Amino acid sequence: MLITTCGHCSARFRVTPQQLNAKQGQVRCGRCQKVFSGFGALERFPDDDTGARLLAAKEAEEQQPDADVHGSIQAVDDLSSPGDHAPEAPAAHREAADRAHAPHDSHRAGWRQAPAVTIEEPDPPEPPSRWWAVGAFLLAAVLATQLLYAYRGPLAQQYPALRPALEAACTQAGCAVPFAREHALLKLEESELLEVPGKPSEIALGARIRNLATVSQEYPHLELTLTDLTGQAASRRVLRPTDYLGRPLALGEVLGPGTEVAVQLRLETPRIKATGYELLLFYP
């Protein structure tokens, strides 16, 4: 005979090959009504009284509560396959199962039911991509500010309408918006160096500076070099715009595009007998 053991309640039952093969070995326990694999703990005993005695001895050795061979074998007949209707379990087993699965009565046991507690879940964290977007925006803003500062002069020259806004921003930042400083687009016209009549230690310098650029430019500096009879430099002097204009420059005063300014200046040369001169325009 074939004996299988329930893996849930350890009850033993006799099975037949037809019962095992009906559902690929899946059978239902007649005691606990749970499904288990009949092949998992399958044992073979002789079909005569010897097999019954061996089964009883095995159960006695394992101290099983159902040591009655005939009772265990009789219970085997109540085994059903998973899809079949299972017969009602013995009354003692039903009472034990009812006690095991019955819900606890808190009032009868003397316990008070705890009040329900509502657990609020925290807000989900913001997705990391949003922080990446914020960081990228800040970096772009810093880069744009640096470029705007570095190219504030060319921007104001190329787009004169931007100059008031750029100058207002520079006033807050402590900087200035420069004008163009292209000395190659400045031209000296009608320059001359003459002795002052009756004053042999003085010379008079006259010239005109024209702005050939299409944008306004700052007033340049002048470098005057006096030469002697040998053509060597006898004296050199740098003249600032305030020197050859004879007055301080007003705020934002520049040479407009296509405009010119006259230079009239007297210089004392008590120790030099100048016979020639050289005049250059430059920006420091």
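For segment 240-254, state whether one or more residues are touching a strand residue (DSSP E or B) at 6+ places or on another chain (Cβ under 9 Å) and assigned to a strand (DSSP E or B).
Within segment 240-254, not a single residue is touching a strand residue (DSSP E or B) at 6+ places or on another chain (Cβ under 9 Å) and assigned to a strand (DSSP E or B).
Pairs only if they're at least six apart or on different chains, beta carbon under 6 angstrom, first in segment 215-240 and within 21 Å of residue 264 (Cβ to Cβ), second among the basic types (Lys, Arg); list them, first residue then second.
That search, which allows pairs on different chains as well, returns 218/181; 221/240; 224/237; 225/236.
Within segment 135-230, considering only strands (runs of 3 or more DSSP E) that don't extend past its boundaries, which have at least 1 residues that are loosely packed, with under 13 Cβ neighbours inside 10 Å and of a type in the set (A, V, I, L, M, F, W, C)?
Ranges flagged: 186-196.
We did not get these values from a lab; they are worked out from the coordinates using the rules stated. Quick caveat, the model's predicted, so the values are computed rather than measured. Every residue, glycine as well, gets a Cβ built from its backbone with ideal geometry; the counts of neighbours run over all protein chains shown.
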